[in-house]
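Encoded as structure tokens, the structure appears first; notes follow it.
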Amino acid sequence: MKQLIIINGPNLNLLGKREPEVYGNQTFEDYLNTLKSKYNNFNIDYFQSNIEGELIDKIQEIGFTYDGIILNAAAYTHTSVGIGDAIKAIATPLVEVHISNTFSREDFRHQSYISPNAKGVILGFGLKSYDLAIQSFI
């Protein structure tokens, strides 16, 4: 069974409460249960942190043993050279995910330090972006 992990960055612990017009009303934990049921042929782990260093530590910890990483680094996408370097250093393929279409938002959100070393980028499909990312590992 393939081992995947979804890693979410800052403020994504507030999904379901935070800016529902952008991010929707569903909590990520509820959506994760839906994904695990739908893709029961995968072992899907989950990690969320608001702390940049913890995200880097997790990427390094699983970056040579998992079959895939789905990363929504949230605001760190546009600011963290450290997360970008961690992704460059690992062997596990990674898909960058965003709930919103970052290109329809503020200009600073158009830059990604993750994309250059990602297997692919999926954005703008709401929580369905995670579903599409899992499909890329089938």
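Data table
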item	result
Distance in nm between pseudo-label sites at residue 26 and residue 137 (7 Å out along the Cβ direction from Cα)	1.8
Among 8, 95, 53 the positive-end extreme of the charge dipole of the chain (Cβ point charges)	95
Per-residue [θ]222 nm for the chain (sum of -39500 (n - 2.57) over DSSP H runs n ≥ 4, rounded to 500)	-8500 deg cm²/dmol
Carbon + sulfur, % of accessible area of the stretch 17-138 - ligands and nucleic acids excluded, 1.4 Å	50
Inter-label distance for residue 14 and residue 81, nm, one decimal - labels placed 7 Å from Cα along Cα-to-Cβ	2.8
Residue-by-residue Karplus 3J(HN,Hα) for the stretch 16-32, coefficients 6.51, -1.76, 1.60, Hz, glycine and proline x	x, 10, 7, 5, x, 5, 9, 10, x, 9, 8, 6, 5, 4, 5, 5, 4
Efficiency of FRET from Cβ geometry, residue 46 and residue 115, R₀ 22 Å, rounded to 0.05	0.50
Partner lysines for residue 119 [C-alpha distance under 28 Å; skip if fewer than 8 residues away on the same chain]	2, 36, 38, 58, 88, 128
Solvent-accessible area per residue, Å², over the chain with all protein chains present [probe radius 1.4 Å]	48
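The values are calculated or read from the model by the stated rules, or taken from the named source; none is laboratory data. Owing to the predicted nature of the structure, the values given are computational and were not obtained by experimental measurement. Backbone-built Cβ (ideal geometry, glycine too); neighbour counts: all protein chains shown. Quick note on the areas: whole protein, heavy atoms, side chains included, nothing else; ligands and nucleic acids left out. Shrake-Rupley method; radii C 1.70, N 1.55, O 1.52, S 1.80 Å.
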